[in-house]
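Worksheet: the structure to be examined is printed underneath.
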Amino acid sequence: MKKIDVKIDEKKVGELFYEQNKHNYGFNYTANYKPISLIMPYRPSTYNWKYKLHPIFDMNMPEGYLFEIFKHYLSKEYGYIDDFLIFSHLCVNIESRLTYESSSSKIEFISLDIDEILNNDTPDTFTKIITTFLTKNAISGIQPKSLALLSDKESLSTKEYIIKTWGDEYNELALNEYFCLKAVEKTGVVIPNIKLSKNNKFLLVERFNYNPSTNKFLGFEEILVLLGKNKDGKYSGSYEQVAKVVYSVTTNKSDSMKALYKTIIMNYLLKNGDAHLKNFGILYDEELKNIYFAPAYDIVNTVVYFNKDKPALSMFGKKLWFGKKELVKFGVESCYLSLSEANTIYIICVEVLKSSIEALEVYVAAHNSFGDIGSKMIDSWKLSLDEKTYKEIPLEIVRNWSKN
């Protein structure tokens, strides 16, 4: 039977194992120290999971672009591929609250210079990043991305970043996400530290699961994990479920619920149709005494690529681009806000959207290369200002995009 040791604070707390003939993944605690997940408290009996890794491990599994690389790399070497094989190669290089020991060896990665990455955002540079940090890539998501250790000569520090790039099917995705995240930040919601490369080919997103004041990694769990689901269930849920989970687990409920509410409103206003269960999370300290809503991340205007795109999760049982009436109602009924609080927050978000439209208009006027995507973003954002509910982007706007 194949096993992986799971540790917290360098102390072994349990074993993850795989029974290949039964397609069963199991986890046994070996010490009653700290829980590996908020939904997996200590118990003497086995936590069994059929066909897939337990959610707390599965959230680190690569998807899309990275999965295809691992599939080719490992199936060529071993003649087969499964989640346990992939995870056993990745887990030893994960830097987080949980650490692991498996049959694979831990690698001491060299760091790359952050200025070199920012100033040379070419396909060759991205290939170099992927090649250097392939077995460190315990991150999910469909688009091309990679974890990387980047050193800053000026501050004499080395930090872990997610480096995202894009292909022709998602043109100017880095700038798209940059403007969306900066809009969310203006509402007062915390976002990760982000940087755009010189030619806007890369978006660098600093990992936020590390607390430099304690030199400890924070616990991080996606809402998907807290619902006991694997990545193939990330679109099967509702924003009501997200709110319920955040309210039930956080210790600073008022601040967390307001941050969540702002984030959800901005996802609607910015027309992000990919705000699924993996794109909301919570953080907690080592003693689980401070549990709070994580910084907002992975927010992109998706309708500029798929004009018929809809919200990833349902609200009031429907996947529609809801307007003010429904979003305020959601704030009161699901985020436990007063009507006055919900209205005030909605107004703040709309004012932020207006200022973001103005900023984007100025940028588009000065940068022709972003004209197509930027103008579509502006059109879809202006649609949000009328505060109405839409099934999808109106046909007249789509036709205007086609003409241009």
Practice task
Being part of a loop (DSSP other than H, G, I, E, B) and farther than 20 Å from LEU260 by Cα is the filter; apply it to segment 182-205 and report the residue that is most open to solvent (accessible area, probe 1.4 Å).
Solution key: LYS198
Completion exercise
In segment 71-91, residues that are part of a helix (DSSP H, G or I) and in contact (Cβ under 8 Å) with a residue 24 or more places away in the chain total 9
Practice task
For segment 244-253, state whether one or more residues are closer than 29 Å to VAL303 by Cα, surrounded by 21 or more Cβ atoms within 10 Å (Cβ to Cβ) and not β-branched (Val, Ile, Thr).
Solution key: no
Problem - Residues (at pLDDT 95 or above and either surrounded by 15 or more Cβ atoms within 10 Å (Cβ to Cβ) or on the phi > 0 side of the Ramachandran plot (or both)) located in segment 373-388 - result: ILE373, GLY374, SER375, LYS376, MET377, ILE378, ASP379, SER380, TRP381, LEU383, SER384
Handout entry: Unique residue being over 15 Å from the mean Cα position of the chain (by Cα) and open to solvent by less than 60 Å² (accessible area, probe 1.4 Å) when the list is ILE291, ILE282, ILE348
Key = ILE291
Exercise for the section: Would you check which residues across segment 308-335 are assigned to a strand (DSSP E or B), open to solvent by less than 10 Å² (accessible area, probe 1.4 Å) and more than 20 Å from SER256 (Cβ to Cβ) and list them? Expected result: TRP321
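Conditions (1) in a helix (DSSP H, G or I); (2) open to solvent by less than 10 Å² (accessible area, probe 1.4 Å); (3) more than 23 Å from LEU53 (Cα to Cα), marked per residue:
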site: SER236; (1), (2), (3): no, no, no
site: ASP255; (1), (2), (3): yes, no, yes
site: ALA259; (1), (2), (3): yes, no, yes
site: ILE264; (1), (2), (3): yes, yes, yes
Exercise for the section: Would you confirm whether any residue within segment 129-140 is under 19 Å from the mean Cα position of the chain (by Cα) and either of a type in the set (Gly, Ala, Ser) or closer than 19 Å to GLY14 by Cα (or both)? Expected result: yes
Exercise for the section: For segment 216-224, indicate whether the set of residues that are at pLDDT 95 or above and in a helix (DSSP H, G or I) is non-empty. Expected result: yes
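The values are calculated or read from the model by the stated rules, or taken from the named source; none is laboratory data. It should be emphasised that the depicted structure is a prediction, and the values quoted were computed from it without experimental measurement. Cβ sites come from the backbone with ideal geometry, for glycine too, and all protein chains shown count toward neighbours. These area figures cover heavy atoms from the full protein model, side chains too; ligands, DNA and RNA do not enter into them. Shrake-Rupley method; radii C 1.70, N 1.55, O 1.52, S 1.80 Å.
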